[in-house]
Amino acid sequence: MEIMVEIKNLRKAFGPIVAVDGVSFTVGKREVLGFLGPNGAGKSTTMKMITGFLTPTSGTVHICGHNIEDQPIEAKMRLGYLPEGAPAYQDMTPASFLTFIGEMRGYRGATLKRTVSETVEKVNLQSVLNQSIETLSKGFKRRVGLAQAILHDPDILILDEPTDGLDPNQKHEVRTLIRAMAQEKAIILSTHILEEVHALCSRAMIIAKGKVVFDGTPAELEGKSPAHNTVLGTIAGVDPLVLHHHLMTVKGVKKIEELGRDGDLVKFRIYPDDGQWILPDIGHCVREQGWEVRELYPDRGKLDEVFRLLTTPKQTIS
Amino acid sequence: MGRIGVIFQRELAGYFATPIAAVFIVIFLLLSGAFTFYLGNYFARGQADLVPFFDFHPWLYLVLIPALAMRLWAEERRSGTIELLLTLPVTMWEAVAGKFLAAWCFTGIALALTFPMWLTVNLLGDPDNGVILASYLGSLLMAGGFLAIGSCISALTKNQVIAFVVSVVISLGFILSGFPLVLELFSGWAPQFLLNAISSFSFLTHFQSISKGVLDLRDILFFLSLIAFWLFATATVIDMKKAES
Ligand SMILES: Nc1ncnc2c1ncn2[C@@H]1O[C@H](COP(=O)(O)OP(=O)(O)OP(=O)(O)O)[C@@H](O)[C@H]1O
Ligand SMILES: [Mg+2]
C-alpha cells in the first residue's frame with residue numbers, strides 16, 4: 001500500500017495543556033481513516049498539524065514524502081483541508097470564493113473555469129453560486145468548505161467533521177461523495193457520529209486526551225463491545241432456572257443475564273466466550289427443547305458503548 | 001500573476017464588496033477637504049500650493065489607517081479563515097505582503113481621488129507640481145508605514161477594537177517623536193544621539209522633508225524599511241499567535 005500520510009510521535013502542548021500526546025500512524029491510498037474521540041481529545045489539533053497550520057511541539061508529519069515543516073508548499077499542494085466549522089470568506093459568493101481557491105492552487109483561465117464548475121457540480125452548489133456565503137444555510141456553507149477542499153483533486157483529504165450539522169439527506173450526500181473519492185485518495189475525517197465510521201471508514205481511530213486508544217477496523221472496534229455477538233432472547237412459559245440450566249450447556253456460552261420478566265415471558269442476554277458466534281447453537285438448543293420463542297436475535301454491540309469504555313478514565317476492557 | 005497577486009486581488013475586491021470602501025473614501029475626502037479649507041486657511045493664505053492639504057495627512061491617517069488595518073488579520077483570526085489561507089500552498093510572507101499591498105493600494109486609490117484638490121490649485125494659480133507630486137508620494141509612503149504598523153497590531157489580537165486603539169497609540173508615537181514638545185521631555189537628560197534617534201523615527205520629519213519637494217533617498221528608505229520591519233513583525237506575530245483561536 002502506498003503510504004500518503006506518515007505521522008510520527010506528534011505532540012502539541014499549549015502551555016500546560018497537552019492537546020496531542022505522542023500520536024503516530026500512517027495512512028495509505030484508498031484508506032478512509034475515521035478520527036473519533038470526545039470533545040477536546042485533540043482531533044482538530046492533530047489535523048491542524050497534519051495540514052501545516054500548527055507547528056508541532058515535537059514529532060514529524062510527512063505528506064507524500066514531503067516533511068510539512070521543511071517543504072510546506074509541496075506538501076500543501078497535495079492536501080485538501082476542510083477546517084472545523086468550514087470557515088470561508090463570508091462576503092464572497094461561492095463562485096468567487098472557489099475561483100480564488102482555484103487561483104491560489106495555480107489554476108488559470110479556461111482550466112480554472114472548468115475546475116470550478118466541475119467542483120460545483122460535485123457538491124451541488126449550482127443553486128447558490130452567486131449568493132454571498134454569509135447568507136447560506138449551514139448545509140450549503142459546509143458544502144462550500146468541502147468544494148474548496150476537493151477542488152484541486154488532492155491525493156489527501158483532511159476533513160474535520162464534514163457532516164456536522166447537516167440534515168440526514170445532506171449527510172447521505174456528503175458520505176456518498178466521500179465514498180466515491182475514497183477510491184483514489186487517502187482520507188482522514190473526524191466525526192462524532194459513530195455510525196459514520198461504519199458507513200464510511202475503512203479504519204477507525206479513537207483518540208482520548210491526546211493519545212490513540214484504539215486503532216483498527218470498524219468491525220474490530222465493535223468487537224470491543226462487551227455486548228458484541230451476544231444473543232438476546234424472549235421465551236414464554238419456561239422456568240428461568242430451567243432455561244438457564246439448558247442454555248449453559250450450549251458450547252461457547254459464557255454467561256446468561258436475565259433482563260426481566262413480563263408475565264410468563266423471560267427476557268435474557270447470552271454472552272459468548274471470546275465473542276464467538278453462538279446464535280446457531282442457541283437456536284438449535286431452543287428448538288430441541290421445544291420452547292416457545294418470541295424473539296431470538298444477535299447483538300453486534302453498540303459503538304457508543306465501546307466509545308464510552310475507551311474514552312472514560314476507568315478502562316475496563318483492553 | 002503569482003500568489004501574492006491572487007491574494008491582493010481578493011483583498012482589494014473585498015474592500016469594494018463591502019461598505020468599507022465607500023465609507024472610507026468618503027470620510028477621507030470629506031475630512032481632508034474640511035481640514036484644508038477650514039483649518040488650513042487654504043484660500044486666505046493666498047498661495048498656490050497644497051501645503052495645508054498635506055499638512056493634515058499625518059493626523060488624518062492616524063485615525064483612518066488603523067480603522068482600515070484593524071481587520072486585516074484580526075478578521076481572519078476571528079472568522080477562522082486564517083486556517084484556510086495558511087493551509088493553502090502559500091508562504092507566510094506572500095500572505096502578509098498580499099494583504100498589506102491590497103490595503104496600501106486601497107489607500108492609494110483614496111489618495112488619488114483627492115485630485116480635484118490638485119486641479120483647483122492649478123486653476124487658481126501656478127503651483128510647483130513637482131512639489132505636489134513629491135508630497136503625494138510622501139503621503140503614500142507614510143500611509144504605508146501606518147498600515148504596516150496596523151497590520152502587525154491586527155495580527156496580535158482578534159479583537160478589532162483593541163487593534164484599532166493600540167494602532168492609534170503606536171502611530172501617534174511615530175508622529176510625535178519628532179515634535180519639539182516631545183523631544184524637550186528628553187532633552188534635559190538624554191544624550192544627543194538618543195534624541196536624534198527618536199526624532200529620526202518621526203513620520204512627520206520624513207514626510208515634511210519629502211513634501212518640501214526634496215526627494216531624499218533616505219526619507220524614502222526610511223518608510224520602506226519601516227514597512228518591511230513591521231511586515232516582518234506581522235509574519236512573526238501570526239506564526240506565534242495563530243494557534244490561539
Ligand atoms: N489555541 C489553543 N490554546 C490552548 N488550548 C487549546 C488550543 N487549541 C486547542 N486547545 C486545547 O487542546 C485540546 C484539544 O482540542 P481539539 O480542538 O484538538 O479537540 P477536538 O478533539 O477537536 O475536540 P472537538 O471534538 O470538540 O472538536 C483541548 O483541551 C483544547 O482546549
Ligand atoms: Mg475538533
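Read-outs throughout are calculated quantities, based only on the coordinates presented, and are distinct from any laboratory measurement. Note that the structure is a prediction, hence the values are computed from the model and not measured. Because the Cβ atoms are built from the backbone with ideal geometry, glycine has one as well, and the counts that use them run over all protein chains shown.
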How crowded by other chains is A:46-56, given as the mean number of beta carbons from other chains within 10 Å of each beta carbon? 3
List the residues, sorted by chain then number, that are 5 or more residues from A:Leu82 or on another chain and whose placed amide H is less than 5 Å from its amide H. A:Ile158, A:Leu159, A:Asp160
Note on chain B: alpha-carbon gyration tensor, axes a ≥ b ≥ c; rule is a/c under 1.5 for rounded, else prolate if a/b larger than b/c, else oblate; result oblate
Using θ = phi - 60° and the Karplus form 6.51 cos²θ - 1.76 cosθ + 1.60, what ³J(HN,Hα) does each residue of the stretch A:306-311 get, whole Hz, x for Gly and Pro? 4, 4, 5, 4, 7, 10
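Rounded to the nearest 20 Debye, what is the dipole magnitude of chain B about its Cα centre when Lys and Arg each give +1 and Asp and Glu each give -1 at the C-beta? Walk me through the numbers on the way to the answer.
Details: 12 positive and 14 negative charges, 102 e Å.
Here the size comes out at about 500 debye.
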Using the Cα centre of the stretch B:27-138 as origin and beta-carbon charges of +1 (Lys, Arg) and -1 (Asp, Glu), tell me which of B:Thr87, B:Cys105, B:Val63 is placed farthest towards the positive end of the dipole. B:Thr87
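Quick check for me: using +1 on Lys/Arg Cβ and -1 on Asp/Glu Cβ, what's the dipole size of the stretch A:208-274 about its Cα centre, in debye to the nearest 20?
Values: 9 positive and 10 negative charges, 49 e Å.
In debye, rounded to 20, the stretch A:208-274 gives about 240.
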Check A:Val20: other-chain or 5+ apart residues with amide H under 5 Å from its amide H, H built from backbone geometry? A:Lys12
Would you mind checking the stretch A:26-54 for residues with the amide N under 12 Å from a putative spin-label position 7 Å along Cα→C-beta of A:Glu2? A:28-31
For the stretch B:42-112, run through the trypsin sites (Lys or Arg not before Pro) and keep only the ones in DSSP coil with at most 11 other Cβ atoms within 10 Å of their Cβ. B:Arg45
Relative contact order in percent for the stretch A:230-299 (Cα pairs under 8 Å, 6+ apart) equals 48 percent
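I want the antiparallel fraction of DSSP beta bridges within the protein assembly as shown, as a percent rounded to 5.
On the way: 42 of 59 bridges.
Of those bridges, close to 70 percent are antiparallel.
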Which value results for Rg/Rh of the protein assembly as shown when Rg is the Cα radius of gyration and Rh the Kirkwood radius based on the inverse mean 1/r? 1.17
By counting other Cβ atoms within 10 Å of each Cβ, how are A:His192, A:His66 ranked from fewest to most? A:His192, A:His66
In nanometres, what is the gap between the two model label sites at B:Met240 and A:Glu74, each 7 Å from Cα along Cα-to-Cβ? 3.1 nm
Taking amide H positions as placed in the peptide plane 1.01 Å from N, state which residues far from A:Val5 in sequence (5 or more) or on other chains have amide H under 5 Å from it. A:Val27, A:Cys64
Residues A:Thr57, B:Thr36 in order from fewest to most other beta-carbon atoms within 10 Å are A:Thr57, B:Thr36
Give the value in nm², to one decimal: projected area of the alpha carbon convex hull of chain A, averaged over all directions. 20.5 nm²
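Packing-wise, with mean Cβ within 10 Å as the measure, how do A:154-164, B:140-150, A:235-245 rank, highest first? Write out the running numbers ahead of the final one.
On the way: A:154-164: 23.0, B:140-150: 25.7, A:235-245: 13.6.
Ranking the peptides A:154-164, B:140-150, A:235-245 by packing returns B:140-150, A:154-164, A:235-245.
Using r as the Cβ-Cβ distance of A:Ala13 and B:Ala17, and R0 as 51 Å, what FRET efficiency do you calculate, to the nearest 0.05? Kindly include the intermediate steps, with their values, before the conclusion.
Details: r = 40 Å, r/R0 = 0.78.
Efficiency, from the Cβ-Cβ distance: 0.80.
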Would you please state the base-10 log of I(q)/I(0) at q = 0.12, 0.13, 0.16 1/Å for the stretch A:230-299, with intensities from the Debye formula using one equal scatterer on every alpha carbon? -0.25, -0.29, -0.45
Tally the DSSP beta bridges in the stretch A:3-223 and give the antiparallel ones as a percent, rounded to 5. 55 percent
Once the dipole of the stretch A:32-153 is set up with Lys and Arg at +1 and Asp and Glu at -1 on Cβ about the Cα centre, which of A:Ile133, A:Pro72, A:Phe100 lies farthest towards its positive end? A:Ile133
Between the residues A:Leu247, A:Gly275, A:Ala86, the Cα farthest towards the positive end of the dipole of chain A, that dipole coming from +1 and -1 charges on the beta-carbon of Lys, Arg, Asp and Glu, is from A:Ala86
Explain nothing, just the number: relative contact order of chain A, from Cα pairs under 8 Å at least 6 residues apart, as a whole percent. 19 percent
Mind giving me the nanometre distance, one decimal, between the label points for A:Ser137 and A:Lys302, set 7 Å out from Cα along Cα→Cβ? 3.0 nm
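Just how large is the dipole of the protein assembly as shown about the Cα centre, in debye to the nearest 20, putting +1 at every Lys and Arg Cβ and -1 at every Asp and Glu Cβ? All intermediate terms of the calculation are to be shown ahead of the outcome.
Working: 50 positive and 54 negative charges, 32 e Å.
Value, rounded to 20: 160 debye.
Please list the helices of chain B that count as membrane-span-like by this rule: a mean Kyte-Doolittle hydropathy of at least 0.5 together with Cα atoms stretching 15 Å or more along the helix axis, each helix being a complete DSSP H run. Don't jump to the answer; show the numbers that get you there.
On the way: long enough: B:3-17 (21 Å, 0.54); B:20-34 (21 Å, 2.87); B:57-69 (16 Å, 1.45); B:92-112 (30 Å, 1.26); B:129-156 (41 Å, 1.60); B:160-176 (24 Å, 2.59); B:217-241 (35 Å, 1.47).
In chain B, the long hydrophobic H runs are B:3-17, B:20-34, B:57-69, B:92-112, B:129-156, B:160-176, B:217-241.
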For peptide A:102-109, compute the average count of partner chain beta-carbon atoms within 10 Å of each residue's beta-carbon. 4
Return the distance in nm (one decimal) between the two label points of a simple spin-label model at B:Ile170 and A:Asp153, each offset 7 Å from Cα along Cα→Cβ. 4.5 nm
If R0 is 30 Å, what FRET efficiency do you get for B:Val161 and B:Phe232 from their C-beta distance, rounded to 0.05? 0.75
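Can you put B:Phe54, B:Phe222 in order of Cβ neighbours within 10 angstrom, beginning with the fewest? Provide the component values of the computation, followed by the final result.
On the way: B:Phe54 26, B:Phe222 22.
The most exposed by this proxy come first: B:Phe222, B:Phe54.
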Cα-Cα longer than 25 Å, checked against A:Lys113/B:Lys242; A:Lys171/A:Lys302; A:Lys141/A:Lys211; A:Lys43/A:Lys141; A:Lys141/A:Lys185, kept in input order, equals A:Lys113/B:Lys242; A:Lys141/A:Lys211
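Going highest first, how would you order A:9-15, A:89-95, A:259-265 by mean Cβ packing within 10 Å?
Details: A:9-15: 15.3, A:89-95: 19.6, A:259-265: 10.4.
Averaged packing, sorted descending, gives the order A:89-95, A:9-15, A:259-265.
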